Amino acid sequence: MTASRRPSRLAQVLVGGLVASLVVIAVASRFASSQPDGLEKVAADEGIAATEQAHDLAEGPFADYRAPGLGAGAVGAGVAGALGLAVTFAVCTAAVVVARRRRAGPHPAAP
């Protein structure tokens with residue numbers, strides 16, 4: 001007889017946080033402004049933007065919250081945000097897994 005395995009508390013929290021984040025992205029992207037953000041506005045007001053130079057990732061697939069083929073509208077911003085969340089989630093989850101394995105220490109060899 002095998003016991004059914006329940007998801008760990010950490011897994012439940014991670015999945016809940018991921019779902020909540022996706023809901024926020026779906027709602028917030030509809031209200032995203034096409035106007036410059038605060039940092040860009042200050043740079044323009046102070047003349048710093050005039051010295052701005054393009055960087056290697058300026059034309060990247062998700063630059064300026066655009067998804068390829070979807071433009072900079074609410075859908076493109078939502079898709080770019082969701083993909084950014086997925087990448088960040090994967091990197092952070094991997095870091096937690098590595099940290100937990102290191103903290104657990106080496107496992108003794110099986111007899």
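The values are calculated or read from the model by the stated rules, or taken from the named source; none is laboratory data. Everything numeric here is computed off the predicted structure, so don't read it as measured data. Glycine gets a Cβ as well: all are built from the backbone with ideal geometry, and neighbour counts include every protein chain shown.
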Between residues in region 92-111 that are under 14 Å from L10 (Cα atoms) and of a type in the set (D, E, K, R) and residues that are in a loop (DSSP other than H, G, I, E, B) and modelled with pLDDT of 70 or more, which pairs lie under 8 Å by C-beta distance while being six or more apart or on different chains? none
Can S21 be described as in contact (Cβ under 8 Å) with a residue 24 or more places away in the chain and more than 30 Å from T93 (Cα to Cα)? no
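Which of the residues spanning region 1-52 are small (G, A, S), part of a loop (DSSP other than H, G, I, E, B) and modelled with pLDDT of 80 or more? Step through it out loud before you land on a result.
If we filter region 1-52 for residues that are small (G, A, S), which is where we start, we get 3-4, 8, 11, 16-17, 20-21, 26, 28-29, 32-34, 38, 43-44, 47, 49-50.
Next, from what is left, pick out any that are part of a loop (DSSP other than H, G, I, E, B): 3-4, 8, 32-34, 47.
Of everything in region 1-52, those that are small (G, A, S), part of a loop (DSSP other than H, G, I, E, B) and modelled with pLDDT of 80 or more turn out to be S8, G47.
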Which number in (1) modelled with pLDDT under 70; (2) over 21 Å from A90 (Cα atoms) marks the one condition that Y65 misses? (2)
